[in-house]
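A quick write-up on the structure given underneath.
No value in this document is a laboratory result; all are computed from the given coordinates. Only a predicted model underlies this, so the values are computations on that prediction, with no experimental measurement involved. Methodologically, a virtual Cβ is constructed for each residue, glycine included, from the backbone with ideal geometry; neighbour enumeration extends over all protein chains shown.
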Amino acid sequence: MSTSRRQFLAGATAAAGAPALLSQGSPNQQVNIAVVGFHGRGRSHYREFARMPGVRVAALCDADERLFPGAVAEIEKLAGYQPATEPDIRRLLERKDIDAISIATPDYWHALMTIWACQAGKDVYVEKPVSFTVLEGRRMVEAARKYKRIVQAGHNMRSERSARAAMRLLNEGRLGKVYRARVDIVKPRASIGRIQESSIPQGVHWDLFLGPSPYRPFTVNRFHYGWHFFWDTSTTDIGNSAVHNIDVARWGLNQRQHPVKIHSAGGYYLWDSEQETPNFQCGSIEYADGSIIDFSLTNLYSPPSDAWNVFYTSEGYLTAAGGWKAFKGNFASRQRGGEVSESGIDERPTNASFPKASYEPGPATEPDKEPQVNHFQNFIACVRSRKVEELHCDIAEGHMSAALCHLANISFRLGRKLVFDPQKERITGDPEADKLLTRTYRAPYVLPERV
């Protein structure tokens, strides 16, 4: 371990033992936040925070310094001040004036940054998927609890009023028992082709960008967004795109535990490119009570999905595609010519009277009952109140949903169904698969054994 890394850890541990800046939860106190990673999604982070009363984007952090001028200028235009800039999050976390960090870096960085921030006494907003492995997710939950930090997982659909109303309808049993949830995602993506290695651009901290991942020579295909398509750095599009809807599927099933069986198949089709991850993936996730999530995601030519999420219940179904609709129907038997069997019971299969009208009161009429607060606002409110229970998606929820994607990817890579122990968070009877619940880390970017 390098001297600078040891010094950082020592400083972070000391900071974690000190009182947090907002430990008293003053609703009027200014929250100073740093946004880490803003080539893509992170721009939404700093824009949202810069517009909020009582919130200051105190710093921007990215391994590509070429992004700083444009982002600083945008924040100055939005909020009238210039944030500081810093390429290395370790130095950023040493600042005592930072209350929280908001992470939108590549997935493989999420766990280390979250844990380091918790150790340094900072609250965290971390994008989906919250982790790169199942073990990382567990360490993140442990760090949040140990250091009493507010950690929001970036599943922003959990703050959408219509989604919250729809999930309340399902969770309250008003459509009967929910036994199945389907996720169907069409996300077209072109071939990434083949690009030769090149020199590292000036202003790019390539070692920092790769972080815990194996060192690879610089190529554009492995840099901004291209990292999504290589196993060293990718959670596949199941972890990148479908995780939002898989999280909603688990929410609608009201599952607060891990599944017991997972299977995934698919492949990489059509394009001749360097991509290693699948561009079509499907599978199933089974829970101990018999309920199931089945999922499918394609990046190839396909008709648009008519519903991203569908929930099947004992009394009807609920669909989502730009809005939520619930339907309720009746199963009724018909007598044969007015006659019944000698037993007095019509023994023929029943004929369904399938739903034709929206179930009322349904999600379309109920979002007004939900508070109008977005995911970032909910995070800041909880940073001030210190009430973890009021987070719309605490890190424990993010871990549960990310784990579904990680397990699906392990099944896909090994080509077989997995049996999972929900309490121990281990794969049963398959040592090869069990090893993939974690990864090999490149020093000094190493996941701590204990947080």
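Computed quantities for the displayed model
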{"read-out": "Highest-first arrangement of 219-226, 237-244, where packing means the average Cβ count within 10 Å", "value": "237-244, 219-226"}
{"read-out": "Square roots of five times the Cα gyration tensor eigenvalues for segment 39-92, Å", "value": "17, 12, 10"}
{"read-out": "Where labels lie 7 Å past Cα in the beta-carbon direction, separation of Glu76 and Asp232 in nm", "value": "3.7"}
{"read-out": "Approximate spin-label separation Asp97-Ala288, in nm, with each point projected 7 Å along Cα-to-Cβ", "value": "5.0"}
{"read-out": "In segment 132-208, the trypsin sites (Lys or Arg not before Pro) that fall in loop regions by DSSP, at most 16 other Cβ within 10 Å", "value": "Lys148, Lys177, Arg189, Arg194"}
{"read-out": "Coarse-grained scattering of segment 200-296 at q = 0.13, 0.16, 0.25 Å⁻¹, given as base-10 log I(q)/I(0) from a Debye sum over alpha-carbon atoms", "value": "-0.60, -0.80, -1.26"}
{"read-out": "Pairs from Lys261/Lys435; Lys77/Lys122; Lys77/Lys128; Lys177/Lys424; Lys128/Lys261; Lys146/Lys387 whose Cα-Cα separation, in the structure shown, is over 21 Å", "value": "Lys77/Lys122; Lys77/Lys128; Lys177/Lys424; Lys128/Lys261"}
{"read-out": "Gain in span if fully extended, Ala265 to Arg66, counting 0.36 nm per residue against the direct Cα distance", "value": "67.7 nm"}
{"read-out": "Extension gain from Asp421 to Asp88, taking 0.36 nm per residue of separation minus the Cα-Cα distance", "value": "116.1 nm"}
{"read-out": "Kirkwood hydrodynamic radius of segment 106-227, from inverse mean 1/r over distinct Cα pairs, in Å", "value": "18.0"}
